[in-house]
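Worksheet: the structure to be examined is printed underneath.
The values are calculated or read from the model by the stated rules, or taken from the named source; none is laboratory data. The structure displayed is predicted, hence computed values, not measured ones. Note: ideal-geometry Cβ built from the backbone for every residue, glycine included; neighbour counts use all protein chains shown.
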Amino acid sequence: MEIVVWEEKYNTGIKLIDEQHRELAGLINELYRACRAGEEVGLAFKAAMSRMVEYVHHHYATEQKFMLKIKYPGYNEHLKEHDVLVKDILGSAKDFNQGKRFVPHQFVRTLRDWLLSHIAVSDKQYAAYFVDQLKKGHKFDT
């Protein structure tokens, strides 16, 4: 069972970014499956959460490097969006690890909604900027 079903409409047209977005969708599905694991949710969710945190850092570094390379004018705003999600994920992971009130199913749905809306709006904006720059004859080593 999956909570995120990847559709072609989420592709940005930038191969590496799209591959990483699909990987993030897979990790969210892994978190979802961990939530449904019943008694094993603690260990399974903790392991999946750890992988998610690592991969989000990796993916954001890739996106940020790309946006700097193409001199994307919305870089700082985009970076702020990344920072908000990273803080939310780390805060939720900390709450979970400390046994504070935490609703894994709700967290997974929030991640899904954030990922898909972020891709549909913010990531599509820098992808469109990239395509526009290519049409204007700019060359990038991507």
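Please go through the range 51-69 and give me each residue that is in contact (Cβ under 8 Å) with a residue 40 or more places away in the chain and exposed (fewer than 13 other Cβ atoms within 10 Å of the Cβ), ordered by number.
Listed by number, the list holds a single entry, 69.
Being touching a Lys or Arg at 6+ places or on another chain (Cβ under 9 Å) and either assigned to a helix (DSSP H, G or I) or in contact (Cβ under 8 Å) with a residue 24 or more places away in the chain (or both) is the requirement here; does residue 80 meet it?
No: the conditions fail for residue 80.
Would you point out the residue of the range 43-65, among those that are of a type in the set (Lys, Arg) and under 18 Å from residue 21 (Cβ atoms), that is nearest to the chain's Cα centre (by Cα)?
Here the answer is 51.
When only residues in the range 89-142 that are aromatic (Phe, Trp, Tyr) and under 19 Å from residue 2 (Cβ atoms) count, which is surrounded by the most Cβ atoms within 10 Å (Cβ to Cβ)?
Ranking the qualifying residues of the range 89-142, first place goes to 107.
Kindly check whether there is at least one residue in the range 37-45 that is at positive phi, touching a residue at least 60 places away in the same chain (Cβ under 8 Å) and surrounded by fewer than 16 Cβ atoms within 10 Å (Cβ to Cβ).
Step one: of the range 37-45, the residues at positive phi are 38.
Checking the rest, the ones that are also touching a residue at least 60 places away in the same chain (Cβ under 8 Å) come to none.
No; the residues of the range 37-45 include none that is at positive phi, touching a residue at least 60 places away in the same chain (Cβ under 8 Å) and surrounded by fewer than 16 Cβ atoms within 10 Å (Cβ to Cβ).
State which residue is nearest to residue 67 (Cα to Cα) when the search covers only the range 10-28 and only residues that are assigned to a helix (DSSP H, G or I) and in contact (Cβ under 8 Å) with a residue 40 or more places away in the chain.
Filtering the range 10-28 down to residues assigned to a helix (DSSP H, G or I) leaves 10, 15-28.
Right, trim to in contact (Cβ under 8 Å) with a residue 40 or more places away in the chain and you get 10, 16-17, 20-21, 24-25, 28.
On the way: 10: 18, 16: 13, 17: 11, 20: 15, 21: 16, 24: 19, 25: 21, 28: 24 Å.
Taking the candidates together, the pick is 17.
For residue 72, which of the numbered conditions (1) modelled with pLDDT under 85; (2) surrounded by 18 or more Cβ atoms within 10 Å (Cβ to Cβ); (3) not in a helix (DSSP H, G or I) fails to hold?
(1)
If you scan the range 88-142, which residues turn out to be part of a helix (DSSP H, G or I), aliphatic (A, V, I, L, M) and free of Cβ contacts under 8 Å to residues at least 12 places away in the same chain?
Answer for the range 88-142, where residues must be part of a helix (DSSP H, G or I), aliphatic (A, V, I, L, M) and free of Cβ contacts under 8 Å to residues at least 12 places away in the same chain: 121, 128, 134.
Considering the range 75-96 alone, what residues qualify as being at pLDDT 90 or above and aromatic (Phe, Trp, Tyr)?
75
Assess whether residue 68 counts as being at negative phi and over 12 Å from the mean Cα position of the chain (by Cα).
Yes; evaluated as a whole, the condition is true for this residue.
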